[in-house]
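These notes are about the structure you will find just below.
The values are calculated or read from the model by the stated rules, or taken from the named source; none is laboratory data. If you're wondering where the values come from, they're calculated on a predicted model, not measured in any experiment. Methodologically, a virtual Cβ is constructed for each residue, glycine included, from the backbone with ideal geometry; neighbour enumeration extends over all protein chains shown. For the accessible areas, the whole protein counts, side chains as well, though only heavy atoms, and no ligand, DNA or RNA atoms are used. Shrake-Rupley method; radii C 1.70, N 1.55, O 1.52, S 1.80 Å.
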Amino acid sequence: MDTPQQTVVQAVQHEPEALLQSWLREQLAAPTLRRDLIGEAELTAQSREFLRHFSRAVSAGNLLDTGAGNWTEVRAFLEDLSRQRAAQGFSFSEVATFVFSLKQPLFERLREGSGANLADALWTLTSLLDGLGLYTVEVYQRSREAILERQRQEMLELSTPVVKVWDGVVALPLIGTLDSERTQVVMETLLERIVETGSTLAIIDITGVPTVDTLVAQHLLRTVAAAQLMGADCIISGIRPQIAQTIVHLGIDLSGVTTKASLADALQIAMERTGFRVQRGLPGA
């Protein structure tokens, strides 16, 4: 009598092309199929390659331990597939379907060759495919988290542009909430631009910052102190009446920092300090 492992091996390796076609029909009929993201030719190629690795691993044994050495190629293939589909925009269930849809074709083969060990073979195969499916999902989840983290970092960098206004003066318009992580990005970006441009004056405009509390004020003061260590004075503009009242109420000391109500006022101060002057031209000149 064949063992459950032998039964599974026979189900996988008997007429592999027929198994491939049966599996493809399951995938193509699945409601989770994304025809806008993957074509039938690409799906066929991926399925064929997976079955090739899967067949070799199954024949080597260790069907209940997908962490064993014989499953290395299968895991590597699923890692590449999961990362690729995560980057393409596939969902959690759409990625998992790739492995779980193989159950039905293999179960049908086991049923056709039913014997005394059918129940054991079915359990072995179920455990095997569930393990591979969960591994695929775990890799997909890590890939999506990595993509989201990279996008978040890119958004942080885009949301802190440091603009060179003229020689010796840079401006940093802040929009949105200023937390500890973003403060670090702001500080690094500002200091890099101060060094690059040789600026001695930096305008930090908080017109777009919705609220200023003790923590936000501390973040601003840290940024100002870091800029001063690099030899640049700072002007904080965008101090609206509500923000001014909040700062006074919280007892935050900004006496050592030049503050202005608007960016225009800050630019005027910057021009005076750097020796520039704007003069209205004569009509027709």
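Being β-branched (Val, Ile, Thr) and under 19 Å from Leu134 (Cα atoms) is a property that holds for Thr97.
Residue count for region 213-230, restricted to those that are within 18 Å of Val169 (Cα to Cα) and open to solvent by 60 Å² or more (accessible area, probe 1.4 Å): 3. Could you check, for region 231-243, whether at least one of its residues is hydroxyl-bearing (Ser, Thr, Tyr), touching a Gly at 6+ places or on another chain (Cβ under 8 Å) and either open to solvent by less than 80 Å² (accessible area, probe 1.4 Å) or at pLDDT 75 or above (or both)? Within region 231-243, not a single residue is hydroxyl-bearing (Ser, Thr, Tyr), touching a Gly at 6+ places or on another chain (Cβ under 8 Å) and either open to solvent by less than 80 Å² (accessible area, probe 1.4 Å) or at pLDDT 75 or above (or both).
Figure legend. Inter-residue proximity from region 16-42: first residues open to solvent by less than 70 Å² (accessible area, probe 1.4 Å), second residues among the basic types (Lys, Arg), beta-carbon distance below 7 Å, spacing 6+ or different chains. Indicated pairs: Leu20/Arg48.
Out of Phe92, Phe50, Phe77, one residue alone is touching a residue at least 24 places away in the same chain (Cβ under 8 Å) and touching a His at 6+ places or on another chain (Cβ under 8 Å). It is Phe77. Residue-level check: of (1) at negative phi; (2) at pLDDT 80 or above; (3) of a type in the set (Gly, Ala, Ser); (4) surrounded by 14 or more Cβ atoms within 10 Å (Cβ to Cβ), Ala264 misses just (4). Residue count for region 9-62, restricted to those that are among the charged types (D, E, K, R), farther than 16 Å from Ser101 by Cβ and assigned to a loop (DSSP other than H, G, I, E, B): 2.
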